[in-house]
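Everything below concerns the one structure shown next.
The values are calculated or read from the model by the stated rules, or taken from the named source; none is laboratory data. Because the structure is predicted, anything quoted here is derived from the model rather than measured. As a convention, Cβ positions derive from the backbone with ideal geometry for all residues, glycine included, and neighbour counts pool all protein chains shown.
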Amino acid sequence: MACAGLSQRPAALLWGWLLLGCSWGPGPPGVGAAPRFSAAYVLDDAGGLGRRFDGIGAVSGGGATSRLLVNYQEPYRSQILDYLFKPNFGAALHILKVEIGGDGQSTDGTEPSHMHYEDDENYFRGYEWWLMKEAKKRNPQIKLIGLPWTFPAWIGKGENWPYDHPDVTVYYIVSWILGAKQYHDLDIDYIGIWNERAFNSKYIKLLRYTLDKHGLQQVRIIASDRLWEPISFVLLLDSELHGVVDVIGAHYPGTKTVLNAILTGKKLWSSEDYSTFNDEVGAGCWARILNQNYVNGKMTSTIAWNLVASYYEELPYGRCGLMTAQEPWSGHYKVEAPIWITAHTTQFTQPGWSYLQVDGHLKGGGSFVALTDGLGNLTIIIETMSHNHSRCIRPLLLPFSVSPQRATFYLKGSFYMVKTLQVWHSRLGFESAHTTLFQQLHPVKVWKGSFSLDLNVDEVYTLTTLKTGQKHIYPDPPPSQPFPSNYKDDFNIRNPPFSEAPNFADQTGVFEYFINTSDPGDHVFTLRQVVVQRPITWSSDADQTISIIGNFQWENFTVTCDIYMEQPRDGGVFVAGRVDNGGIYVRSTKGVFFWVFADGTYRVTGDLGGEEILMKGDSGVRAHAWHTLTLNIQGTSASGLLNGYPLWENVTITEPSNGWAAIGTRSFEFAQFDNFHVEAS
């Protein structure tokens, strides 16, 4: 039974209100279910403050996770961006962390590098530049972080390692930071080392020296975006390294830290966390760790992977974003519960506020944090997430219990004179409970420096002196629709806003818009695969390049594409259907692959690696000429056409039974594609 505050009830209803079992403490009664436990908590700044709050953020990239977002048409694209970044609107994020594209697979796809080759610089590839500018447009105070997952091959000089030549790697990273400013007027605030991989002390020191040499003293260094150790231990031993690392960033810390990290005196961040399906359990995970990362681990920033689930859902970790936007062809998107859980913190705090020194554990389970701007404002965030409704994808969550409870807060120090607190509430509904998200309730009156709340399980409360919070809702976007069953792209955009063609999701290699000036014929504007050496990998990139597109549920369809091999020896390209895998599992991808090679042969295989040969023969195709490949799959049979004429037919297909369409190359090699067409029946 939820009980409203006494001041909100007519006097005539008081006796009935008491009969319902509502109670109150040494102040106005609170809201929520009838409690089982009662406990008091003191919020006092007289003895000093806790750690400085650095903000809540999310990662774009780290696997091409924003890939489909750029293809949305207005007004839906701007609406999505408003929900993510606009202050006092939706999530109102304080931090945006982006992948520094390195041409390699980084979870759900590849992101293009600003330097594919040593003598190549282009600061308009990819969509991260655009996204950072859109975030800044909405919130000029948002902090920007860059972090590499992979690196172009030339940095390693033949080795799958970026530290053997630290000067080269530093040059590459600093060029990205300088390019952000020169070409996009973006100031990068923090830079990382290498996502979830080993760090190198010499490299970090050289990075700091080079940043300073280029007038980039304001750019702070985060290390090592992996675990608390060994970076914390090394910082305690190496005073020079200690002087150049500003933040220790750990991934998926489970709300815990280690003694060595605390002893360094550095800022402690959960620099990647969450990674959980964005249903209500995911929202519960996010609510719990946003509080408990500080309560248990003294972490002053938590950054979600990922910002927005804007990639094909059947790729790894589908819908692990704060919201979902994976249908640019329809305009449909969904503002998921984690957006409003984020708002409970971000709309009522700012980087630069400070945590109060308080234990933060609720006696009946759950947690709270309290923060102040030092100017009299106070924000309290409370969560009572139960175990089964707040499990994150990692790490394993040990058992705990949460019960309905009454919490009484005593405000002391500069907060004693607070008379009223605004109240925002979310209840995550499980079983028969109803979900309410980021709902503004009647203010709580503070009586003689105290107030009480009745807290139920799986709730979030924000109590704050700020009156600026808002829950904005745009009209519903268009309804969800599957990928068009008849889709064409001739790549003839004269001034493309992005380097990638709409809806193609590169899984190995990078496919970019290209202007063909060498005897193009009818193929002036094409899509070109441009990575010619295996990058320094973060995951197991395939030996072949591949870009997927379409509806994963497609069974019977025809793929047609014009192809042009640029590599005269050992060159090869393919079109494919029923492609069943991608992301970090791309090496094990199966499907129906129709290959032609520069030596004049063709092959049909059941896998990307080419091990499962279904048919082969002569095609007469050579490099440096345009040809048209057509793959038709119907039921358990497939056939292929070359330049409109049958080349092979009646190949039996047993599995997979469905999947995407795709294009790609035999190896890391230049090749072009034009007039792509897929039609499903």
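Every residue, every condition in (1) acidic (Asp, Glu); (2) more than 29 Å from GLU99 (Cα to Cα); (3) surrounded by fewer than 17 Cβ atoms within 10 Å (Cβ to Cβ), yes or no:
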site	(1), (2), (3)
VAL531	no, no, no
THR537	no, no, no
ASP543	yes, no, yes
GLY572	no, yes, no
GLY582	no, no, no
VAL621	no, yes, no
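Consider segment 393-435 and keep the residues that are of a type outside the set (A, V, I, L, M, F, W, C) and under 26 Å from the mean Cα position of the chain (by Cα). The one that is farthest from TYR317 (Cα to Cα) is HIS425.
Kindly indicate whether any position in segment 630-638 is crowded, with 18+ Cβ neighbours inside 10 Å and closer than 23 Å to ARG528 by Cβ. Checked against the condition, which is being crowded, with 18+ Cβ neighbours inside 10 Å and closer than 23 Å to ARG528 by Cβ, segment 630-638 yields at least one hit. Within segment 50-57, is even one residue closer than 19 Å to SER499 by Cα and out of contact with any Phe, Trp or Tyr (no Cβ under 8 Å at 6 or more places or on another chain)? The answer is no, given that none of the residues of segment 50-57 is closer than 19 Å to SER499 by Cα and out of contact with any Phe, Trp or Tyr (no Cβ under 8 Å at 6 or more places or on another chain). Assigned by TED's automatic domain parsing to the domain that holds ALA309, out of contact with any Leu (no Cβ under 6 Å at 6 or more places or on another chain) and at positive phi - does that describe any residue in segment 81-97? Yes, some residue in segment 81-97 is assigned by TED's automatic domain parsing to the domain that holds ALA309, out of contact with any Leu (no Cβ under 6 Å at 6 or more places or on another chain) and at positive phi. Here SER540 fulfils each of the conditions (1) closer than 24 Å to GLY126 by Cα; (2) in a loop (DSSP other than H, G, I, E, B); (3) modelled with pLDDT of 95 or more apart from (3). The criterion of at least 2 residues that are over 28 Å from ILE473 (Cβ atoms) is met by the following strands (runs of 3 or more DSSP E) wholly inside segment 319-367: 354-356.
Given the options LEU144, LEU81, name the one that is surrounded by fewer than 24 Cβ atoms within 10 Å (Cβ to Cβ), in a helix (DSSP H, G or I) and hydrophobic (A, V, I, L, M, F, W, C). Being surrounded by fewer than 24 Cβ atoms within 10 Å (Cβ to Cβ), in a helix (DSSP H, G or I) and hydrophobic (A, V, I, L, M, F, W, C) holds for just one of LEU144, LEU81, which is LEU81. Would you call TRP154 touching a residue at least 12 places away in the same chain (Cβ under 8 Å) and either surrounded by fewer than 23 Cβ atoms within 10 Å (Cβ to Cβ) or in contact with a helix residue (DSSP H, G or I) (Cβ under 7 Å, 6 or more places away or on another chain) (or both)? Answer is yes for this residue. Would you point out the residue of segment 647-664, among those that are within 15 Å of VAL575 (Cα to Cα) and over 28 Å from the mean Cα position of the chain (by Cα), that is surrounded by the most Cβ atoms within 10 Å (Cβ to Cβ)? That would be LEU647. In the condition set (1) closer than 20 Å to ILE56 by Cβ; (2) of a type outside the set (Ser, Thr, Tyr); (3) in a loop (DSSP other than H, G, I, E, B), ILE303 is compliant with all but (3). I need a count of the residues in segment 214-250 that are aromatic (Phe, Trp, Tyr) and in contact with a Ser or Thr (Cβ under 7 Å, 6 or more places away or on another chain). Result for segment 214-250: 1.
Considering only segment 418-433, I want to know if a residue exists there that is outside any loop (DSSP other than H, G, I, E, B), touching a Pro at 6+ places or on another chain (Cβ under 9 Å) and basic (Lys, Arg). Within segment 418-433, not a single residue is outside any loop (DSSP other than H, G, I, E, B), touching a Pro at 6+ places or on another chain (Cβ under 9 Å) and basic (Lys, Arg). Just for segment 548-571: of the residues that are more than 16 Å from VAL592 (Cβ to Cβ) and not acidic (Asp, Glu), which one is modelled with the lowest pLDDT? The extreme case among them is ARG569.
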